[in-house]
Amino acid sequence: MVTPKSPWAQPEPALGNLLAQRRLTRGHRAGRMAANDEGLASAGGTCHGWKRELAPSSHTTLGCLTITMTTRRPTPTHLLRQAIEVARVLEAAGSTKVLRKPLQVAGYGFLVRSRRIAQALMRLGDRSAYESRILLRSMLEIQINYAWIRLRDSHSRAIRFHKFWPIERLRLLEKAGTIFRPPDYDQRRQALEAERRKVRHLFRFRDKKGKMQWAQSWAAVSSVEARLAEVLRKEKPETQPDLFMYGMFISFSSATHGSPNSLAEVLRVDGGRLRPAEQPEARPKVHRTGAFILLAWIIEAFAEDARLRRQCRADIRRVSVSLEELVQKARQKARAACTRRPREL
C-alpha cells in the first residue's frame with residue numbers, strides 16, 4: 001500500500017516564502033502547524049505527543065523555516081489509549097483469519113476481554129480510581145491464566161479452558177435456581193447436563209474413596225497463586241518466585257469483595273466524625289499504567305500465537321517501545337533510590 005505524502009513533507013515554494021515573511025510567534029506556529037496530525041506524523045510525531053517516534057527535541061524543515069518540536073512524556077492515559085487502539089487493530093486482523101487452534105481462540109477472547117476492561121477503566125477517571133482496582137484485578141487474573149496456559153501443554157490446557165463452560169454454568173444455575181420458574185429451571189438444567197456429558201472425559205474422575213466426581217476447576221492447578229508461582233518459576237528457575245503480583249491481586253481482591261480493609265480505606269475521621277474519603281488512592285493514575293502493562297503483554301502474546309506479528313508489526317512496535325521506555329524509567333528510579341539510601345543512612 002502506498003503511503004500518501006504529507007502536505008508538510010514538500011511544501012510549495014510560495015508557501016515557504018509566505019511563512020518565512022511572517023513573524024509567527026511560537027504559540028501561533030504551534031496552533032497552526034501542530035493541528036495537522038498527518039503532517040506531524042510524517043515527521044515522526046503527533047500533536048498529542050504520545051506516539052513517541054521523535055527524540056525529546058527534534059527539528060524539521062518547513063520551507064525556509066526550521067521548527068523545533070519537543071515531544072512530551074506520554075501520560076498513563078495516553079499509554080493506555082495507545083494499547084487499546086492497537087488491541088482493536090489486532091482484533092480486526094484476527095477476524096480476517098480462521099483461528100482454529102484452541103490457544104488462538106483463547107488468546108482472542110483474552111484480548112477482547114482485556115481491551116474492554118481497559119476501556120471501562122479509562123471511563124472511570126481519577127475520582128473513581130479506587131474502584132479501578134476491581135477492573136485491574138480481572139485483567140491481572142486474565143494475564144495469569146493466559147500465561148499459565150501458554151507455559152506448557154498449551155493445546156490441552158486451552159481445550160480444558162474452553163470445554164469447562166457447561167460445568168460452570170450448571171453450578172451457577174443450581175445456586176441461582178430460585179430465580180427461575182420450575183419448568184424453565186428443569187429445561188435449562190437438562191440442556192446443561194447434556195452438554196456436560198460431552199466433556200466427561202476431560203473433567204470426570206474418581207476420588208480417593210472411589211467415587212466419581214466432577215472437576216472443580218478447568219485447570220489442574222486450581223488456585224491463581226499456584227498458577228502464578230509456576231509461571232514465575234519457569235521464567236526464573238534459579239530464584240524463589242517473587243509473589244509481588246499475587247500480593248497486588250490480593251490487594252485488589254479486597255476492594256472487589258468489600259472486605260473490612262476496603263471499608264477502612266474509603267473512610268476518614270474528621271473531628272471525631274466519619275466522613276467519606278474523597279480520594280482513597282494516593283496515586284490515582286497508576287492503575288492506568290498497570291492496565292497498559294497487562295494489555296501490552298496480552299497484545300504481544302496473542303500476536304505471537306495467532307501469527308499476526310508480521311501483519312501488525314508497526315502497531316505492535318508502538319506498544320513495545322512504550323513498554324520498554326516505561327521499564328527503563330522504572331529501573332532508573334530503582335537505581336537512583338538504591339544510590340540515595342547509603343547517603344541517607
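The values are calculated or read from the model by the stated rules, or taken from the named source; none is laboratory data. The structure displayed is predicted, hence computed values, not measured ones. Note that we place each Cβ from the backbone using ideal geometry, even for glycine, and neighbour counts take in every protein chain shown.
Of all the listed residues (332, 279), the sole one being over 21 Å from the mean Cα position of the chain (by Cα), surrounded by fewer than 17 Cβ atoms within 10 Å (Cβ to Cβ), in a helix (DSSP H, G or I) and modelled with pLDDT under 90 is 332. In the set (1) surrounded by 14 or more Cβ atoms within 10 Å (Cβ to Cβ); (2) part of a helix (DSSP H, G or I); (3) not aliphatic (A, V, I, L, M), the condition left unmet by residue 284 is number (2). Within this structure, residue 143 passes the test of being buried (at least 19 other Cβ atoms within 10 Å of the Cβ) and under 21 Å from residue 319 (Cα atoms). Kindly evaluate residue 68 against the criterion of being β-branched (Val, Ile, Thr), in contact with a strand residue (DSSP E or B) (Cβ under 9 Å, 6 or more places away or on another chain), surrounded by fewer than 18 Cβ atoms within 10 Å (Cβ to Cβ) and at pLDDT below 55. So residue 68 passes the test. Would you confirm whether or not region 304-325 contains a residue that is at pLDDT 90 or above, assigned by TED's automatic domain parsing to the domain that holds residue 146, assigned to a helix (DSSP H, G or I) and over 18 Å from the mean Cα position of the chain (by Cα)? Scanning region 304-325, I find at least one residue that is at pLDDT 90 or above, assigned by TED's automatic domain parsing to the domain that holds residue 146, assigned to a helix (DSSP H, G or I) and over 18 Å from the mean Cα position of the chain (by Cα), so the answer is yes. State the number of residues belonging to region 124-178 that are within 30 Å of residue 278 (Cα to Cα) and either out of contact with any helix residue (DSSP H, G or I) (no Cβ under 7 Å at 6 or more places or on another chain) or outside any helix (DSSP H, G or I) (or both). Total meeting the criteria: 7.
Comparison of 111, 90, 124 shows that the only residue that is surrounded by 15 or more Cβ atoms within 10 Å (Cβ to Cβ) and either within 12 Å of the chain's Cα centre (by Cα) or of a type in the set (Gly, Ala, Ser) (or both) is 111. Looking across 150, 169, 196, one residue alone is under 30 Å from residue 304 (Cα atoms), of a type in the set (Lys, Arg) and touching a Leu at 6+ places or on another chain (Cβ under 8 Å). It is 150. Among the residues of region 89-99, those identified as more than 12 Å from residue 319 (Cβ to Cβ) and not in a loop (DSSP other than H, G, I, E, B) are 91, 92, 93, 94, 95. Here residue 177 meets each of (1) modelled with pLDDT of 90 or more; (2) not acidic (Asp, Glu); (3) not assigned by TED's automatic domain parsing to the domain that holds residue 101 with one exception, condition (1). Look at region 228-249: where a residue is in a helix (DSSP H, G or I) and a partner is among the charged types (D, E, K, R), sitting 6+ places away or on another chain with Cβ atoms under 6 Å, you get 246/225. Among the listed residues 264, 291, 255, 226, identify the single one that is aliphatic (A, V, I, L, M), surrounded by 11 or more Cβ atoms within 10 Å (Cβ to Cβ) and within 18 Å of the chain's Cα centre (by Cα). Result: 291 is the single residue among 264, 291, 255, 226 that is aliphatic (A, V, I, L, M), surrounded by 11 or more Cβ atoms within 10 Å (Cβ to Cβ) and within 18 Å of the chain's Cα centre (by Cα). The single condition among (1) in contact with a Ser or Thr (Cβ under 6 Å, 6 or more places away or on another chain); (2) in contact (Cβ under 8 Å) with a residue 60 or more places away in the chain; (3) over 13 Å from residue 249 (Cβ atoms); (4) hydrophobic (A, V, I, L, M, F, W, C) that residue 124 does not meet is (2). Close Cβ contacts (under 7 Å, 6 or more residues apart or on different chains) running from residues in region 314-326 that are crowded, with 18+ Cβ neighbours inside 10 Å to residues that are part of a helix (DSSP H, G or I) and among the small types (Gly, Ala, Ser) comprise 316/303; 319/83; 319/296; 323/296. Under the condition of being under 30 Å from residue 246 (Cβ atoms), free of Cβ contacts under 8 Å to residues at least 24 places away in the same chain and surrounded by 13 or more Cβ atoms within 10 Å (Cβ to Cβ), the residues counted in region 194-216 number 0.
Pick from 233, 273: which is at pLDDT 90 or above, out of contact with any Ser or Thr (no Cβ under 6 Å at 6 or more places or on another chain) and of a type in the set (Lys, Arg)?
Just one listed residue meets the conditions, 273.
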